[in-house]
Amino acid sequence: SQTIHQWPATLVQPVGSPLSLECTVEGTSNPNLYWYRQAAGRGLQLLFYSVGIGQISSEVPQNLSASRPQDRQFILSSKKLLLSDSGFYLCAWSVLPDQPQHFGDGTRLSIL
Amino acid sequence: SQQGEEDPQALSIQEGENATMNCSYKTSINNLQWYRQNSGRGLVHLILIRSNEREKHSGRLRVTLDTSKKSSSLLITASRAADTASYFCATDPYGNNRLAFGKGNQVVVIP
């Protein structure tokens with residue numbers, strides 16, 4: 001069966017520090033991968049999606065970047081975090097269009 | 001980009017009652033999906049309804065879709081305390097799975 005792992009679950013970082021969040025999927029090949037951010041009490045905002053290794057599409061301009069070095073690995077990064085980067089970050093995968101997305105348990109990021 | 005919008009935002013009901021949530025959207029869609037999120041967790045997919053479908057059932061869940069009104073509803077029948085969660089609708093305008101999520105409905109089921 002397919003599983004998705006996100007880590008860390010919780011992260012507290014100072015303003016200006018770098019960021020690396022990792023997401024891996026097991027049990028499937030060539031998934032579409034997604035990074036979302038959820039502000040407190042809000043819906044999800046799609047940040048990045050990837051249809052293959054090295055293929056990244058950004059949905060909104062921001063202080064973050066994403067990379068996909070391997071088929072089932074998706075990384076969210078920042079060189080210098082801002083206070084506005086605080087939030088709940090969720091990774092998801094899907095296999096085909098017109099099919100559900102499957103989410104990880106998320107990373108709660110707090111910027112001090 | 002297109003946004004689903006749920007209504008009402010918060011709902012508190014007694015166990016055993018039914019809960020209904022609505023979602024509206026602005027442009028044409030390929031499909032509409034409903035997800036549940038327990039506090040502090042990731043989203044769990046509930047139902048996907050395609051644009052050529054009008055109603056879909058899954059256990060105690062019933063989803064309707066009215067493309068002429070650009071709206072959908074999620075009905076949870078005979079609610080349980082475990083149904084306490086936030087419920088989100090998401091639209092897929094182009095069939096490429098780039099979803100646009102609404103702000104969510106918080107449902108509290110009182111035992």
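Each reported figure results from applying straightforward, stated rules to the coordinates on display, with no laboratory input. Computed from a prediction, not measured in an experiment: that's the story for all the values here. Cβ atoms come from the backbone with ideal geometry, glycine included; neighbour counts cover every protein chain shown.
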**OP:** With springs connecting C-alpha atoms under 10 Å apart, model chain B as a Gaussian network and identify which of B:Asn96, B:Asn38, B:Asn52 has the largest mean-square fluctuation.
**Re:** B:Asn96
**OP:** Under 17 Å Cα to Cα from B:Lys103, which aspartates and glutamates show up? Leave out anything in the same chain fewer than 8 places away.
**Re:** B:Glu5, B:Glu6, B:Asp7, B:Asp92
Subject >> Residue-by-residue Karplus 3J(HN,Hα) for region B:33-42, coefficients 6.51, -1.76, 1.60, Hz, glycine and proline x >> reply: 10, 10, 10, 10, 10, 7, 3, x, 10, x
**OP:** For chain B, give the magnitude of the charge dipole about the Cα centre (Cβ charges: +1 Lys/Arg, -1 Asp/Glu; no others), in debye to the nearest 20.
**Re:** 260 debye
Original post:
Quick one: putting +1 on the C-beta of Lys and Arg, -1 on the C-beta of Asp and Glu, what dipole do you get for the protein assembly as shown around its Cα centre, in Debye to the nearest 20?
Top reply: 220 debye
**OP:** Starting from the Cα gyration tensor of region A:1-63, multiply each eigenvalue by 5, take the square root, and state the resulting semi-axes largest first in whole Å.
**Re:** 22, 16, 13
**OP:** Starting from the Cα of A:Glu59, step 7 Å along the direction of its Cβ; do the same at A:Ser77; then give the gap between the two resulting points in nm.
**Re:** 2.2 nm
**OP:** Select from A:Gly27, A:Gly16, A:Gly41 the residue whose mean-square fluctuation is largest in a Gaussian network model of chain A (Cα-Cα springs shorter than 10 Å).
**Re:** A:Gly41
Subject >> Share of pairwise Cα separations in chain A, more than 20 Å, in percent >> reply: 35 percent
**OP:** Find the relative contact order for chain B and round it to a whole percent, using C-alpha pairs within less than 8 Å whose residues are 6+ positions apart.
**Re:** 39 percent
Original post:
Pick from B:Ser39, B:Ser86, B:Ser68: which is most flexible by mean-square fluctuation in a GNM of chain B where alpha carbon atoms under 10 Å apart are linked?
Top reply: B:Ser68
Subject >> Per-bin percent of Cα-Cα distances, the protein assembly as shown [10 Å] >> reply: 8, 33, 35, 20, 4, 0
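For chain A, what is the percent of antiparallel DSSP beta bridges, rounded to the nearest 5?
Approximately 90 percent, going by the DSSP bridge assignments.
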**OP:** Choose one of A:Gly106, A:Ser78, A:Leu90: the residue whose Cα lies farthest towards the positive end of the charge dipole of chain A (beta-carbon charges +1 Lys, Arg; -1 Asp, Glu; about the Cα centre).
**Re:** A:Ser78
Original post:
If we count every other residue with Cβ under 14 angstrom of B:Asn18's Cβ, Lys/Arg +1 and Asp/Glu -1, where does the sum land?
Top reply: 0
Original post:
Using the scaling law 2.2 N^0.38 Å as the reference, what is the normalised Cα Rg of chain B?
Top reply: 1.00
Subject >> Stokes-Einstein D for region B:10-71, Kirkwood Rh over Cα pairs, 4 °C, 1.567 mPa s (µm²/s) >> reply: 98 µm²/s
